[in-house]
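Encoded as structure tokens, the structure appears first; notes follow it.
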Amino acid sequence: MEAILALLITFSSIYSQHNKAFVVEGPSMEPTLHAHDRMIVDPSYYQDHNYHRGDIIVFQATKNKMYVKRIIAFPGETVRIEGDAVYVNNKLIKEPYLQATVEAAKQRGMPYNVRNFSEKTVPEGTLFVLGDNRSNSSDSRDIGFIKLESIIGKVKNK
């Protein structure tokens, strides 16, 4: 029993050393993350893993502000947004994490997203990110492409 307890304490200590806790501020990632939700962020995740479309990341947006957003496009890809449709390299991407919300908006006769984005190519060393609350999010449409070195880590619990 003592050996199991010692193992759990060691695991807990290692786990907390490699992960950081954050609290969500604002509605920009709804419906996935809500204000005051707690997140666990792994700052070393991308040392051993590739970035994937749909990953939720935390990054340093300004000197004093960190943002949480979803990866949409990679260096060399083109991205464009027309209403609820997001196109990468002229192909509509699937976003199952927003499907129910987009459908609910359609049933009310409204688009989920009212902010379009003209086609642009993602520069080398950057990513294009969006908040899930597309009409109410400061993201790459506003602050530009996100430099890879500004990424703090990957959100693990969503």
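Here are a few things to note about the model shown:
- For region 35-158, the fraction of 1.4 Å probe accessible surface lying on carbon and sulfur atoms is 48 percent.
- Summarising the label geometry, the points placed 7 Å from Cα in the beta-carbon direction at Ile93 and Asp48 lie 2.6 nm from one another.
- You can think of it this way: the chain between Met66 and His18 has 15.4 nm of extra reach, that is 0.36 nm per residue less the Cα-Cα gap.
- Surface analysis of the chain yields an accessible area of 60 Å² per residue, using protein heavy atoms and a 1.4 Å probe.
- Each residue of region 61-77 is assigned a 3J(HN,Hα), and the resulting list reads 7, 9, 4, 10, 9, 10, 10, 10, 8, 10, 6, 10, 9, 10, x, x, 8 Hz, derived from the Karplus form 6.51 cos²θ - 1.76 cosθ + 1.60 (θ = phi - 60°), x at Gly and Pro.
- Counting only protein chain heavy atoms and rolling a 1.4 Å probe, the accessible areas of Ile143, Ile93, Ile57 rank, largest first, as Ile143, Ile93, Ile57.
- Taking amide hydrogens as placed 1.01 Å from N in the peptide plane, the amide H of Val86 sits under 5 Å from those of Ile93, each at least 5 positions away in sequence or on another chain.
- Whole-number D in µm²/s for the chain (Stokes-Einstein; Kirkwood sum over Cα pairs; 25 °C, 0.890 mPa s): 146
- In region 64-140, the chymotrypsin sites (Phe, Trp or Tyr not before Pro) that fall in loop regions by DSSP, at most 16 other Cβ within 10 Å: Tyr97
- A protection proxy built from the mean count of other Cβ atoms within 10 Å ranks the segments 74-86, 41-53, most packed first, as 74-86, 41-53.
- Residues whose amide H lies under 5 Å from that of Asn157, counting only those 5 or more places away or on a different chain, are Ile40; hydrogens are built 1.01 Å from N in the peptide plane.
- Accessible area (Å², 1.4 Å probe, nearest 10) - Glu103: 90
The values are calculated or read from the model by the stated rules, or taken from the named source; none is laboratory data. Being a predicted model, the structure only gives us computed values, none of them experimental. Every residue, glycine as well, gets a Cβ built from its backbone with ideal geometry; the counts of neighbours run over all protein chains shown. Only protein heavy atoms, including side chains, enter the accessible area calculation; ligands, DNA and RNA are left aside. Shrake-Rupley method; radii C 1.70, N 1.55, O 1.52, S 1.80 Å.
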